[in-house]
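Reading through the structure tokens given below for one structure.
The values are calculated or read from the model by the stated rules, or taken from the named source; none is laboratory data. All of these numbers come straight from a predicted model, not from anything done at the bench. Cβ coordinates were reconstructed from backbone atoms using ideal geometry, including for glycine residues, and neighbour counts include every protein chain displayed.
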Amino acid sequence: MAGNPKKKSTGIVNAAIGALAVVLAILIVWMMNLVSGIQGTARIINYAGLVRGKTQRIVKLEISGQPQDGMIADIPVIIIGSICLLPIALNNLIASGPIHDFISAHMGVLTYAAGFTNDLLSIFAAFFIATALAKRYGTHNTQTGVTAIIVHLILSAVSIEGGISTEFLGASGLFTSIISGIMSVEITRFLIKRNVIIKLPSSVPPMVGESFASLIPLVVNVIVAVAIANISIAVSGLAFPAAIMKLLAPAISTMDTLPALLIVIFLTQFLWFFGLHGPSITSAVWAAFAIAYQAENMANYASGAPVTHIFTYGLYYNFLQVAGSGLTLGLVLFMMKSKAKSFKSIGVASLVPSIFGINEPVIFGLPILLNPYMFIPFVFGPLLITVLTYFSMKMGLVGYPVAAPPGFLPPGVGAFLTTYDWRSVVLVFVSLILMALIYYPFFKMMEKDELKREAKSEAE
């Protein structure tokens with residue numbers, strides 16, 4: 001008798017988690033040995049500065065121009081789409097009355113722009129991904145993004161009687177947009193490298209020359225896209241985006257889980273501790289999923305359908321990383337009240353940026369980097385906040401994220417605009433208080449050493 005597939009799948013997942021735990025334990029032990037050899041704040045600061053300069057340069061060179069940049073460029077469109085949902089959210093908050101009736105009567109006009117932002121999100125993503133990748137290759141021109149849009153429409157805009165269906169041009173087509181953007185650029189690049197293009201004399205205006213040079217790559221891209229679209233329907237009976245979503249369903253469902261969130265947050269904080277910009281690195285993996293979840297939640301909320309996803313861009317920045325990576329606002333307040341002069345001055349300088357989610361001043365100024373006192377609260381504290389936030393939403397205590405407000409909003413403001421639920425404000429401040437309590441004993445130990453160093457320095 002064949003074994004239960006679900007049990008086998010569960011066993012594989014448990015084994016993977018176990019292996020990951022072992023690896024993480026080894027990394028932690030190695031890190032603690034490394035940090036224990038660093039003596040004195042001065043050496044930590046010097047090393048942190050060196051790491052910061054080198055690693056940020058590497059990260060910038062490595063990440064800039066990657067396809068994920070194109071996906072992240074979709075965020076302004078998502079923000080505009082979120083603003084379009086405000087009338088719906090306001091109507092849900094106001095049960096009845098003249099304002100409710102007015103919004104209901106004019107809902108179509110008030111949310112009109114949503115049909116040209118959220119509902120066409122994958123088109124913009126295809127454009128941004130293609131242009132970002134083409135710039136990296138040095139092949140970008142005015143036709144790059146247009147070619148990607150044409151390819152994406154062929155793959156995603158299913159023909160129906162009287163026109164085309166836009167079903168897969170929104171959130172459900174985001175993964176197809178990645179394929180459209182990358183494929184169009186790679187085909188064009190392949191043909192350019194082999195000189196399979198139309199070259200006009202240099203006397204011809206550049207715009208005209210670029211147009212003719214792009215003609216053959218565009219034709220080839222169209223032929224390939226038409227072939228893929230028809231093969232998908234013939235083989236699977238599904239439009240290409242639907243087939244892709246079906247294929248990726250296991251991975252998509254796995255990312256929107258508590259273990260996935262915990263791994264993302266842990267790696268982000270761990271990398272930050274060593275001077276590497278954690279979100280810039282880890283977002284290369286999770287950004288596409290979080291954006292797709294965000295767009296789907298927004299579409300469902302607008303249509304009155306159930307909102308099902310937790311792991312979204314709005315959740316990450318307005319709940320799990322509020323006031324910056326490590327939720328350091330409480331630590332900044334402790335520093336402002338510190339008897340240590342150095343801590344107090346850094347705390348005062350860090351307060352306003354931290355309120356708006358910019359906590360590099362405290363990360364590099366205290367520093368948190370390679371500081372043995374800060375490792376446990378900075379790396380592991382946010383994991384507790386992740387668990388608290390996840391279960392608060394899963395149990396219905398706080399609404400799910402349905403919007404993606406602009407970044408750098410004060411604590412609570414971004415959370416409310418993400419969920420349109422006042423309880424989210426309470427959750428954020430509970431999280432910040434909890435993190436402050438986690439930081440406090442470690443800060444006091446660090447402060448004690450700093451006061452001794454300052455007293456010794458003054459005595460000399």
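Tell me which residues, restricted to region 135-151, are assigned to a helix (DSSP H, G or I) and not small (Gly, Ala, Ser). Before you say what the answer is, go through the steps one by one.
Looking only at region 135-151, we keep the residues that are assigned to a helix (DSSP H, G or I), and these are 135-137, 144-151.
Selection gives 135, 136, 137, 144, 146, 147, 149, 150, 151.
Tell me, yes or no, whether region 273-283 has at least one residue that is among the β-branched types (Val, Ile, Thr) and closer than 21 Å to residue 412 by Cα.
Here is the first cut: in region 273-283, the ones among the β-branched types (Val, Ile, Thr) are 281-282.
Within this subset, residues satisfying the condition of being closer than 21 Å to residue 412 by Cα are none.
Looking for residues that are among the β-branched types (Val, Ile, Thr) and closer than 21 Å to residue 412 by Cα, one finds none in region 273-283, hence no.
If we keep just the residues of region 268-282 that are assigned to a loop (DSSP other than H, G, I, E, B), at pLDDT below 75 and not small (Gly, Ala, Ser), which is farthest from the chain's Cα centre (by Cα)? Give the derivation first.
Step one: filter region 268-282 for residues assigned to a loop (DSSP other than H, G, I, E, B), giving 274-277.
Still in the list and also at pLDDT below 75: 275-277.
Now drop any that are not not small (Gly, Ala, Ser), which leaves 276-277.
Values: 276: 17, 277: 13 Å.
Only one residue tops the list, namely 276.
Every residue in region 155-179 that is among the β-branched types (Val, Ile, Thr) and assigned to a helix (DSSP H, G or I), please.
Pass one, region 155-179, residues among the β-branched types (Val, Ile, Thr): 158, 160, 164, 166, 176, 178-179.
Those that are among the β-branched types (Val, Ile, Thr) and assigned to a helix (DSSP H, G or I): 176, 178, 179.
Out of 127, 175, report the one residue that is buried (at least 19 other Cβ atoms within 10 Å of the Cβ), within 17 Å of residue 238 (Cα to Cα) and touching a helix residue (DSSP H, G or I) at 6+ places or on another chain (Cβ under 6 Å). Give the steps one after another, and end with the answer.
Numbers: 127 fails: within 17 Å of residue 238 (Cα to Cα).
Step by step, each of 127, 175 is checked, and only 175 is buried (at least 19 other Cβ atoms within 10 Å of the Cβ), within 17 Å of residue 238 (Cα to Cα) and touching a helix residue (DSSP H, G or I) at 6+ places or on another chain (Cβ under 6 Å).
Quick one: how many residues across region 389-409 are within 24 Å of residue 330 (Cβ to Cβ) and at pLDDT 85 or above?
8
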